[in-house]
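See structure below.
The values are calculated or read from the model by the stated rules, or taken from the named source; none is laboratory data. What you see is a predicted model, and the numbers here were worked out from it, not measured in a lab. FYI the Cβ positions are ideal-geometry reconstructions off the backbone, even for glycines, and counts take in every protein chain you see. The area values use the complete protein model at the heavy-atom level, side chains included, leaving out ligands, DNA and RNA. Shrake-Rupley method; radii C 1.70, N 1.55, O 1.52, S 1.80 Å.
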Amino acid sequence: MAPSNNNIPLVFSLLAAFSLLAAASGGGEWVLLQRSVGISAMHMQLMHNNKVVIFDRTNFGVSNLSLPAGAPCIQYEKSPLDCSAHSLLYDVVSNTFRPLTLQSNVWCSSGALDANGTLVQTGGNDKGDHRVRLFSPSAAKDDASDWDELPDGLAIRRWYSSNHLLPDGRIIVLGGRKEPNYEFFPKTPSAPDHFNLLFLNETNDPLEENNLYPFLYLLPDGNLFVFANQKSISLDYINNRVVREFPVIPSEKRSYPSSGSSVLLPLKGRVPVVEVMVCGGAPNGSYPLANRKSNKVFMEASKTCGRLRVTDADPQWVMEEMPMSRVMGDMVLLPSGDVLIINGASNGTAGWENAVGPVLNPVLYHPAESNLSQRFAVMNASSTPRMYHSTAILLPDGRILVGGSNPHDKYRFNAVPYHTELSLEAFLPLYMAPQYSALRPTIVNVGARGMIVTYGQKFSVTFKVANYRPDQEAAIAMIAPSFNTHSFSMNQRMIYLDFMGGVGQVPLGYKLKVIAPATKDIAPPGYYMMFVVHGGIPGQSVWMKVVH
Ligand SMILES: *[C@@H]1O[C@H](CO)[C@@H](O)[C@H](O)[C@H]1NC(C)=O
Ligand SMILES: *[C@@H]1O[C@H](CO)[C@@H](O)[C@H](O)[C@H]1NC(C)=O
Ligand SMILES: *[C@@H]1O[C@H](CO)[C@@H](O)[C@H](O)[C@H]1NC(C)=O
Ligand SMILES: *[C@@H]1O[C@H](CO)[C@@H](O)[C@H](O)[C@H]1NC(C)=O
Ligand SMILES: *[C@@H]1O[C@H](CO)[C@@H](O)[C@H](O)[C@H]1NC(C)=O
Ligand SMILES: *[C@@H]1O[C@H](CO)[C@@H](O)[C@H](O)[C@H]1NC(C)=O
Ligand SMILES: *[C@@H]1O[C@H](CO)[C@@H](O)[C@H](O)[C@H]1NC(C)=O
């Protein structure tokens, strides 16, 4: 009974959405949020209570953040007794934070929110490598929530793995150092506890790996897109069968330690066109040269991006060139439909002391711009290098939270070119500039009980805006909060909602009837930020829960 695409007038086009924003370079603003949060933001996850779980690594030595009052000092594996914290909860709204308590090493781990918005964090190093750690967001004013560690949550050690939330609510944990296989959480009794994946053997370069932290995307046909090194497949993860092999992306290596980044471009409609984008990385041979003990050589990083339309009959990588080279960048989907490429370095690879030349300017990419020479725009520079172990995530108000950078084996604050970075900053894309205030929509009402919708449900969204422009089109987008670490945002996903009819004027403002995502393969169940975008300018989002 779901309406077919034919009788839904498409009220917006991606292209029109940009027309009010200056296409030129420059723009965007950097704001220092915290000079020091005491740890280096190596991993970040936003939750639906507007708090961000942040953690680094428990064998970095003593951090600049004390443990919560009364929490015992902890002996992390082979490290000396440590009475400092390595994890915290950052409150986006009040710009405050409090320490959390970890019991095992979360270094280079992975994570995903489950269908109820609980952070399921997996693996790490040493005695932490089989752990699953849960963090449940709390709405309480005196929120004292903390980590809950499950010692044997995983069958296989997971270090440098990637996670993805699945349509049935389970989480797949795939790959990791010397582990060419995948597993699920929670476990299904009587099913095998892991599955081998030869693709991960085949993408492992003998001297450099280049297949860690694979890029994973749930495809609307139910399979999982898996990208590692320069190769990609569509995986039927239920039957452990490779459904399709895609062409090799040209030029450079793209996965850790030759870390490029990647996004799934926004999905639209009941049968979406699916396009994966990969940017940056490092040429073959970079890692062994950069990773030498002395006489290090830092090769120039990749300047290329590739787009692969996975749903084509014969998909091919279409290559483009960024304004500058970048390794260890982070790609962030913006509610405007653009992609922000931020953080990273111009030369070298991931790994301790393995990169030089921080890239301080983010780059904005307009996927729908037909003039190829206008797709990239260079944004205003930060003053803070964010290289190895830096992070960037979208916040519910449209800002980008940026943190981390520690290219050293321990915290180092002196006598090094790029010291350990304990600060948190926000990058405000051009759409947040004051000159667009009158165009910025504010959501005043959502016609969905408890802000919960089921697949294909019709509901209304009412927004107000000072200067409504009927010539400019409105869009409504849902964006999943992602787990960001090591240049990849796991579960990052943006879905445009279909409309029924056009924008109607009501006493409160302007009203749209929309349709929730059609299937759980398009939008796995869980919490999403829902943004209204008017003429390319998004306002503050609201949290919606999609259930089945
Ligand atoms: C950012 O760039 C714009 C356009 O180039 C410029 O007008 C503005 O002053 C810059 N802002 C900051 C904070 O640097
Ligand atoms: C962290 O602590 C160290 C040593 O106590 C100190 O040198 C450094 O300045 C502190 N860093 C920040 C950013 O507070
Ligand atoms: C989510 O919460 C519901 C209701 O409490 C529960 O039935 C369900 O098992 C939970 N799902 C997960 C993945 O925890
Ligand atoms: C794949 O790699 C694993 C771990 O390195 C190894 O044990 C296994 O034999 C390899 N499989 C094949 C078919 O090469
Ligand atoms: C990559 O570089 C290594 C040396 O670091 C070399 O052995 C190998 O043949 C190169 N591979 C390709 C595909 O060029
Ligand atoms: C990066 O590599 C290029 C090419 O080798 C070189 O010209 C440039 O100076 C390097 N940049 C840095 C910051 O080392
Ligand atoms: C594309 O953009 C470039 C640079 O802004 C401009 O010079 C050129 O005329 C544009 N091409 C078309 C076909 O509009």
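Kindly indicate whether Ser94 is in contact (Cβ under 8 Å) with a residue 12 or more places away in the chain and away from ligand 7 (no atom under 16 Å from the Cβ). Taking the combined requirement at face value, the residue does not satisfy it. Among the conditions (1) within 16 Å of ligand 1 (Cβ to nearest atom); (2) in a strand (DSSP E or B); (3) under 20 Å from the mean Cα position of the chain (by Cα), Arg307 misses just one, which is (1).
Checking each residue in the range 248-272 for being within 18 Å of Asn201 (Cα to Cα), under 18 Å from the mean Cα position of the chain (by Cα) and not in a loop (DSSP other than H, G, I, E, B) picks out only Tyr256. The residue that is nearest to Gly260 (Cα to Cα), counting only those in the range 357-410 that are more than 16 Å from ligand 1 (Cβ to nearest atom) and touching a helix residue (DSSP H, G or I) at 6+ places or on another chain (Cβ under 9 Å), is His366. Here Lys187 meets each of (1) within 16 Å of ligand 3 (Cβ to nearest atom); (2) in a strand (DSSP E or B) with one exception, condition (2).
Take the residues of the range 273-295 that are in contact with a strand residue (DSSP E or B) (Cβ under 8 Å, 6 or more places away or on another chain) and assigned to a loop (DSSP other than H, G, I, E, B): which is most open to solvent (accessible area, probe 1.4 Å)? The residue in question is Asn284.
Every test in (1) away from ligand 6 (no atom under 16 Å from the Cβ); (2) assigned to a loop (DSSP other than H, G, I, E, B); (3) loosely packed, with under 15 Cβ neighbours inside 10 Å is passed by Glu245 save one, and that test is (2).
It is to be established whether one or more residues within the range 493-503 are aromatic (Phe, Trp, Tyr) and within 23 Å of Leu46 (Cβ to Cβ). If you could, list the steps in order and put the result at the bottom.
Of all residues in the range 493-503, those aromatic (Phe, Trp, Tyr) come to 496, 499.
From the residues that got through so far, the ones that are within 23 Å of Leu46 (Cβ to Cβ) too are 496.
Yes; the residues of the range 493-503 include at least one that is aromatic (Phe, Trp, Tyr) and within 23 Å of Leu46 (Cβ to Cβ).
Selection over the range 198-242 of residues that are within 14 Å of Asn181 (Cα to Cα), of a type outside the set (A, V, I, L, M, F, W, C) and either touching a Phe, Trp or Tyr at 6+ places or on another chain (Cβ under 9 Å) or not in a strand (DSSP E or B) (or both) gives a count of 10. Looking at Asp148, Asp129, just one residue is over 15 Å from Ile54 (Cβ atoms), assigned by TED's automatic domain parsing to the domain that holds Gly61, at pLDDT 95 or above and open to solvent by 40 Å² or more (accessible area, probe 1.4 Å), and that residue is Asp148.
Restricting attention to strands (runs of 3 or more DSSP E) lying wholly within the range 480-533, give those where 3 or more residues are touching a Gly at 6+ places or on another chain (Cβ under 7 Å) and in contact (Cβ under 8 Å) with a residue 40 or more places away in the chain.
Output list reads 509-515.
Residue-wise test of (1) within 16 Å of ligand 6 (Cβ to nearest atom); (2) under 19 Å from the mean Cα position of the chain (by Cα).
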| position | (1), (2) |
| --- | --- |
| Glu353 | yes, no |
| Gly357 | yes, no |
| Val363 | no, yes |
| Thr384 | no, no |
| His408 | no, no |
| Tyr418 | yes, no |
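If you check Leu216, Leu235 for being surrounded by 24 or more Cβ atoms within 10 Å (Cβ to Cβ), over 30 Å from Val359 (Cβ atoms) and among the aliphatic types (A, V, I, L, M), only one passes: Leu235. Checking each residue in the range 441-472 for being open to solvent by less than 60 Å² (accessible area, probe 1.4 Å) and closer than 17 Å to Ser336 by Cβ picks out Pro441, Ile443, Phe463, Val465, Gln472.
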